[in-house]
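The values are calculated or read from the model by the stated rules, or taken from the named source; none is laboratory data. Bear in mind the structure is a predicted one, so any value in this text is a computation, not a measurement. Note that we place each Cβ from the backbone using ideal geometry, even for glycine, and neighbour counts take in every protein chain shown. Ligands, DNA and RNA are excluded from the accessible area calculation, which covers all protein heavy atoms including side chains. Shrake-Rupley method; radii C 1.70, N 1.55, O 1.52, S 1.80 Å.
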Number of protein chains: 2
Amino acid sequence: MFAKEVYINRRKALVEKMKGENGIILFLGNVESPAQYRDNCYKWRQDSNWLYFFGIDAPRFAATIDLESGVETIYADDFDLDDIIWTGPMPSVREQAESVGVGRSAGYGDIAAAIKGRKVHFLPASREYNAIKLAGLLGFDWQEAFSAGKKGCARASEPLVRAVISLRLVKEDIEIAEIDHACELGYEMHTVARKGIRTGRIEQTIVGEMESVSLGRGWGVSFPTILTQHGEIFHCHSHECLIEPGKLMVIDAGVENNDHYASDFTRTYPTAGRFTQMQRDIYQTVYECNELAFAMVRPGVAYRDCHLAAARHMLDNLGQLGLVKGDLDEMVADGVAGLFMPHGLGHNMGLDVHDMEDLGEDLVGYDADQSRSPQLGLGSLRMARRLQPGNVITDEPGIYFIPALIEQWKKDGTDKGRINYNKLETYYSFGGIRLEDDVLVTAGGARRLGSRRLPISPDEVEAAMETD
Amino acid sequence: MFAKEVYINRRKALVEKMKGENGIILFLGNVESPAQYRDNCYKWRQDSNWLYFFGIDAPRFAATIDLESGVETIYADDFDLDDIIWTGPMPSVREQAESVGVGRSAGYGDIAAAIKGRKVHFLPASREYNAIKLAGLLGFDWQEAFSAGKKGCARASEPLVRAVISLRLVKEDIEIAEIDHACELGYEMHTVARKGIRTGRIEQTIVGEMESVSLGRGWGVSFPTILTQHGEIFHCHSHECLIEPGKLMVIDAGVENNDHYASDFTRTYPTAGRFTQMQRDIYQTVYECNELAFAMVRPGVAYRDCHLAAARHMLDNLGQLGLVKGDLDEMVADGVAGLFMPHGLGHNMGLDVHDMEDLGEDLVGYDADQSRSPQLGLGSLRMARRLQPGNVITDEPGIYFIPALIEQWKKDGTDKGRINYNKLETYYSFGGIRLEDDVLVTAGGARRLGSRRLPISPDEVEAAMETD
């Protein structure tokens, strides 16, 4: 937790941005989330918006900010003796409220009376429990309060959502220090992972070793670790395979530090320690796309343009390898790169690894004059905005050879004759490559987060694996 | 997953036990559970009852067993090309159903039509999503389908609950092999933990090291690890403290293996590597209680009586230390031991670490002629039943010195003059001790699970820590 002034100032800035709105803002912290049975819960994780404005890292808290009177109230229940046997002595709700600069506290059951008859502003709920709670308090179906992904959710307050996004998009110096710290831990975790790659080991063993860093020094992983010799499968969370020679191992993983800020790095390693020529050619292209995008990052540049520049460079190189042919600008415009990279160049990162995703991807990642493309790849871009100092984004180009998708394009003629399918067939067992860094937009340009960059050029990777 | 015959036989046995009931049984598997935001989920964990009867370890499955026609159906949706980019090629729902011996499959959206107008038997929901789903399908409030702890839940089918309990209480040989395996992993994880205890380290570092076993070789921990120098706080999940000399470190932790069976061991270590005399006296008592209870375990013995025998022995020893005085039988009857051990001797263990807890603790752990005591300690006993071969239980006596609780008893005179409060005050910074093994009830008596027992006698512990 930060000093109370941090939370006071954030709430003050929020109220300022909500000027002209009336009613009351309601924030719900998380409750515990059952894993096996209701009293055997997953590791406690507070709601990110709650952490941002109220900081208290404990279950079953709520708060209101009255936009008319300015009164702030925190709602939670004090512990009794029975609880104390289980939890030890705990500070009172009043003390906890004061620790984040909120002067008024009440019981969790008092929320209903406090908002009765008022216009209530709330954010989309990320978990079912909070959606049910909101629906019960406000009298509609729970799904209307539950985040619906790209578009946010039906009943949430758009002025509140926009105000929160405009604050959280620009990281404060103390947040940048936290993200730098999470990236230090991420560097260490990835280093443990790289050193663990040896043919004959089971992938899961490495995942376990990585957790000695993420859980030993941080809250845990910032998302379920991707560690796979099938990089062409984006969310492959199975880790049962033996490491085989000649494969490419994609490791996409991040640490959430104890203050709940994320890191998110991806590296791709030749399991044998050295790339084949075929692997090196594709790897070099992804590496160049990563470098190219980073070099473009500076205030005022739309991140959408970085995505498109990387796509153009990728197609240029793939053309030299004989995999595509045609006019580069036309291929970019037609989205041909989406066959090879069916995801976006990057996303915002902060308290969430996809920062604020539940507030609605389009509201978070697109300026008012931008709209989301329907194309494969570009259509998945989570951050298209013109960059501002303080934005924290990922830079994560990738190239994948996905047989089912290639066959579909071939059948549908989606590529309009640009793809050399005969040549592409020789890549069907290639897998995929992704290379991801975390980037801060600065006044003068950009800085990669964390004090050290994981080895990334093909030569650096081979040298590191030889030393490991 | 086991061979399909395992699931076929379990369902056959279930239907047999439901003879005389009409209607249809509805089982819901789990869906993913959001951690930070709805698309950043906690590690996938299937529902345990689903795993037991249907085995398929993937989200968003449901099934019905028609008690009148005998027809079994699995409900889930096949993947399309968009999904395949994210998940890779997947077997069809039909193939998955066949892999567990179910001949009929339908879409997830077809559940409503299948149960319309029928009497529906279901189990209490462990997660909010399934409670909402059941409530929506059957037309009542979600909380009526959500597990309410000791008593199960209002709307669930008691015949179904009782049938499931009677099956899952008695472990099959293949299940015992799984639990033995989970206990091997538990042994390794605890060994890593013990070796990690050195003054000046941060507790969290050891928790991270332990996960290299639990996540590297199993699904993960079977419950959030307790690792604390404040053993008197039962569910202390904060791990930020430095390890100090002269303390007692309670480590209560288990591994869930990749087939989702649990282990659950507790050991208590002197942080300095050697016990003080005061620590050794209390430790020796807890150790003797653990041994005493184990020695009593055999078919036909009520586990409640093992709890009471341990309580009696504990009071006897505490009397010799001058902490309590009075007639032993009367003190046991009055629950004086509850001040020192305000929890039960043990619980069932299997696919859940507290096996089947959401089905209702009283139904799971008490025979029809037994009722739960209102006393502190005995009232928390989760397993009181007369033991049967195939039961898997924990044996976990403990002694704790909880200042707030002691002060409460002193104020209320709860002990009726049996406690020597002056002496007890010298224990206020002692902390607590718990020693837990996992035990299989066999035809001839009992066997501790796992091939090796963690060092437990005071001499064994000191010898092991000297070697570490």
Problem set entry | Scope segment A:225-246; condition crowded, with 22+ Cβ neighbours inside 10 Å and closer than 21 Å to A:ASP459 by Cβ; matching residues | A:GLY231
For this session: Take the residues in segment B:207-219 that are touching a strand residue (DSSP E or B) at 6+ places or on another chain (Cβ under 6 Å) and under 22 Å from B:ASP57 (Cα atoms), then tell me which one is most open to solvent (accessible area, probe 1.4 Å).
Result: B:TRP219
Exercise. Which one of these is more than 8 Å from chain A (Cβ to nearest Cβ) and not in a loop (DSSP other than H, G, I, E, B): B:ASP259, B:ASP252?
Worked result: B:ASP252
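Does segment B:327-340 contain any residue that is of a type outside the set (Phe, Trp, Tyr), in contact (Cβ under 8 Å) with a residue 24 or more places away in the chain and not in a helix (DSSP H, G or I)? Give the steps one after another, and end with the answer.
If we filter segment B:327-340 for residues that are of a type outside the set (Phe, Trp, Tyr), which is where we start, we get B:327-339.
Checking the rest, the ones that are also in contact (Cβ under 8 Å) with a residue 24 or more places away in the chain come to B:331-332, B:334-339.
Cutting the leftovers down to not in a helix (DSSP H, G or I) gives us B:334-335.
Scanning segment B:327-340, I find at least one residue that is of a type outside the set (Phe, Trp, Tyr), in contact (Cβ under 8 Å) with a residue 24 or more places away in the chain and not in a helix (DSSP H, G or I), so the answer is yes.
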Exercise. Applying the selection to segment A:191-232, what residues are touching a residue at least 60 places away in the same chain (Cβ under 8 Å) and not β-branched (Val, Ile, Thr)?
Worked result: A:ALA193, A:ARG194, A:LYS195, A:TRP219, A:GLY220, A:SER222, A:PHE223, A:GLN229, A:HIS230, A:GLY231, A:GLU232
Problem set entry | Pairs, first on the phi < 0 side of the Ramachandran plot in segment B:444-459, second open to solvent by 50 Å² or more (accessible area, probe 1.4 Å), C-beta under 8 Å, six or more apart | B:GLY444/B:ARG298; B:ALA446/B:ARG298; B:PRO455/B:ALA463; B:PRO458/B:ARG280; B:PRO458/B:GLN284
For this session: Residue by residue through segment B:179-192, note down the ones that are crowded, with 22+ Cβ neighbours inside 10 Å and more than 11 Å from every other protein chain (Cβ to nearest Cβ).
Result: B:ILE179, B:ALA182, B:CYS183, B:GLY186, B:HIS190
Exercise. Residue check: is B:VAL6 assigned to a loop (DSSP other than H, G, I, E, B) and open to solvent by less than 50 Å² (accessible area, probe 1.4 Å)?
Worked result: no
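What residue, among those in segment A:207-245 that are over 20 Å from A:ALA182 (Cβ atoms) and not in a loop (DSSP other than H, G, I, E, B), is farthest from the other protein chains (Cβ to nearest Cβ)?
Of all residues in segment A:207-245, those over 20 Å from A:ALA182 (Cβ atoms) come to A:208, A:228-245.
So of that shortlist, the ones also not in a loop (DSSP other than H, G, I, E, B) come out as A:208, A:228, A:242.
Values: A:GLY208: 2, A:THR228: 9, A:LEU242: 14 Å.
Per the stated criteria, the residue is A:LEU242.
Only one of A:ARG386, A:ARG372, A:ARG418, A:ARG452 is among the basic types (Lys, Arg) and within 26 Å of A:ASN257 (Cα to Cα); which? Give the derivation first.
Working: A:ARG386 fails: within 26 Å of A:ASN257 (Cα to Cα); A:ARG372 fails: within 26 Å of A:ASN257 (Cα to Cα); A:ARG418 fails: within 26 Å of A:ASN257 (Cα to Cα).
Answer to the check: A:ARG452.
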Problem set entry | Hits in segment B:273-289 (condition: more than 24 Å from B:GLY346 (Cα to Cα) and either among the aromatic types (Phe, Trp, Tyr) or in contact with a helix residue (DSSP H, G or I) (Cβ under 9 Å, 6 or more places away or on another chain) (or both)) | B:GLY273, B:ARG274, B:PHE275
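Out of the residues in segment A:146-164 that are within 12 Å of another protein chain (Cβ to nearest Cβ) and among the hydrophobic types (A, V, I, L, M, F, W, C), which is surrounded by the fewest Cβ atoms within 10 Å (Cβ to Cβ)? Let's see the steps before the verdict.
Going residue by residue through segment A:146-164, those that are within 12 Å of another protein chain (Cβ to nearest Cβ) are A:146-150, A:152-153.
Among the residues that remain, those that are also among the hydrophobic types (A, V, I, L, M, F, W, C) are: A:146, A:148, A:153.
Values: A:PHE146: 25, A:ALA148: 16, A:CYS153: 22.
So, considering only residues that are within 12 Å of another protein chain (Cβ to nearest Cβ) and among the hydrophobic types (A, V, I, L, M, F, W, C), the one surrounded by the fewest Cβ atoms within 10 Å (Cβ to Cβ) is A:ALA148.
Would you check if there is a residue in segment B:108-126 being of a type in the set (S, T, N, Q), within 28 Å of the chain's Cα centre (by Cα) and part of a loop (DSSP other than H, G, I, E, B)? Quick ask: steps written out before the conclusion?
Within segment B:108-126, the subset of a type in the set (S, T, N, Q) is B:126.
In the following step, the residues that additionally are within 28 Å of the chain's Cα centre (by Cα) were identified as B:126.
Okay, now just the ones that are also part of a loop (DSSP other than H, G, I, E, B), so B:126.
Within segment B:108-126, one or more residues are of a type in the set (S, T, N, Q), within 28 Å of the chain's Cα centre (by Cα) and part of a loop (DSSP other than H, G, I, E, B).
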Exercise. Scanning for something closer than 21 Å to B:TYR129 by Cβ, more than 14 Å from chain B (Cβ to nearest Cβ) and open to solvent by 20 Å² or more (accessible area, probe 1.4 Å), does segment A:102-125 turn up at least one residue?
Worked result: no
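Within segment A:195-206, identify whether any single residue is within 23 Å of A:VAL286 (Cα to Cα), open to solvent by 20 Å² or more (accessible area, probe 1.4 Å) and within 14 Å of another protein chain (Cβ to nearest Cβ), and answer yes or no. Outline the logic, then answer.
Keep residues of segment A:195-206 that are within 23 Å of A:VAL286 (Cα to Cα), which gives A:195, A:197.
Then drop every residue that is not open to solvent by 20 Å² or more (accessible area, probe 1.4 Å), which leaves A:195.
Add one more test, that the residue is within 14 Å of another protein chain (Cβ to nearest Cβ), and what stays is A:195.
Yes: segment A:195-206 contains one or more residues that are within 23 Å of A:VAL286 (Cα to Cα), open to solvent by 20 Å² or more (accessible area, probe 1.4 Å) and within 14 Å of another protein chain (Cβ to nearest Cβ).
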Problem set entry | Which numbered condition A:ILE132 fails, given (1) open to solvent by 30 Å² or more (accessible area, probe 1.4 Å); (2) within 28 Å of the chain's Cα centre (by Cα); (3) not charged (D, E, K, R) | (1)
Seminar exercise, completed: Within segment B:55-70, the residues that are farther than 18 Å from B:GLY107 by Cβ and under 25 Å from the mean Cα position of the chain (by Cα) are B:GLY55, B:ASP57
